[in-house]
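The values are calculated or read from the model by the stated rules, or taken from the named source; none is laboratory data. This is a predicted model, so every value here is computed, not measured. Virtual Cβ from ideal backbone geometry, glycine too; neighbours counted across all protein chains shown. For the accessible areas, the whole protein counts, side chains as well, though only heavy atoms, and no ligand, DNA or RNA atoms are used. Shrake-Rupley method; radii C 1.70, N 1.55, O 1.52, S 1.80 Å.
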Amino acid sequence: QVTLVESGGGLVQAGGSLRLSCAASGSLLRINDMGWHRQAPGKQRELVAAITSGGSTIYAESVKGRFTISRDNAKNTVYLEMNNLKPEDTAVYYCKANIRRAWSPIKDYWGQGTQVTVSS
């Protein structure tokens, strides 16, 4: 069993910052790509940022320059540093990890989500 646990969400004023964390635990062989997605009310879930096992990153244009994704492979953890937050960043943020387990095919795992609310 693999579990992703997110933390760091909350309420912040526009222009403020938050850091989200997502730790993977359980029986796993290796973690490939990890990323953050978000879903606002009435909208589709969208990719915010992703990072490969080698450290290559991609960002949605709407967050580029404001958000930074990073990972600590020793801790099986991915982070999302969010700066200069805007009201339009308000959403539930979900962690996703592509994981290889012993004797199993590679698959994606999702966290439960953490709420980020930015007030103006």
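Could you tell me which residue of segment 102-120 is nearest to residue 23 (Cα to Cα), considering only residues that are outside any strand (DSSP E or B) and modelled with pLDDT of 95 or more?
Filtering segment 102-120 for residues that are outside any strand (DSSP E or B) and modelled with pLDDT of 95 or more, the one nearest to residue 23 (Cα to Cα) comes out as 111.
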Next on the checklist: Taking the condition of being in contact with a Lys or Arg (Cβ under 8 Å, 6 or more places away or on another chain) and surrounded by fewer than 19 Cβ atoms within 10 Å (Cβ to Cβ), how many residues in segment 110-120 meet it?
Outcome noted: 1
Checklist entry - residue 94 versus (1) under 15 Å from the mean Cα position of the chain (by Cα); (2) loosely packed, with under 15 Cβ neighbours inside 10 Å; (3) of a type in the set (Ser, Thr, Tyr): which is the lone unmet condition? => result (2)
Checklist outcome for this item: Of the residues in segment 32-77, those that are over 22 Å from residue 15 (Cβ atoms) and in contact with a helix residue (DSSP H, G or I) (Cβ under 9 Å, 6 or more places away or on another chain) come to 53
Checklist entry - What single numbered condition from (1) farther than 19 Å from residue 89 by Cα; (2) in a strand (DSSP E or B) fails to hold for residue 12? => result (1)
Item to check | Residue within segment 26-33 that is of a type in the set (A, V, I, L, M, F, W, C) and within 13 Å of residue 3 (Cα to Cα) present | outcome: yes
Checklist entry - Since residue 111 meets every condition but one in (1) over 16 Å from residue 25 (Cα atoms); (2) within 15 Å of the chain's Cα centre (by Cα), which condition does it not meet? => result (1)
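Being assigned to a loop (DSSP other than H, G, I, E, B), over 26 Å from residue 105 (Cα atoms), at pLDDT 95 or above and open to solvent by 50 Å² or more (accessible area, probe 1.4 Å) is the filter here, so list the residues in segment 29-83 that pass it.
Passing the criteria: 43, 44, 61, 62, 65, 83.
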Next on the checklist: Can you tell me which condition residue 99 does not meet? The list is (1) open to solvent by less than 50 Å² (accessible area, probe 1.4 Å); (2) assigned to a strand (DSSP E or B); (3) at pLDDT 95 or above, and all the others hold.
Outcome noted: (3)
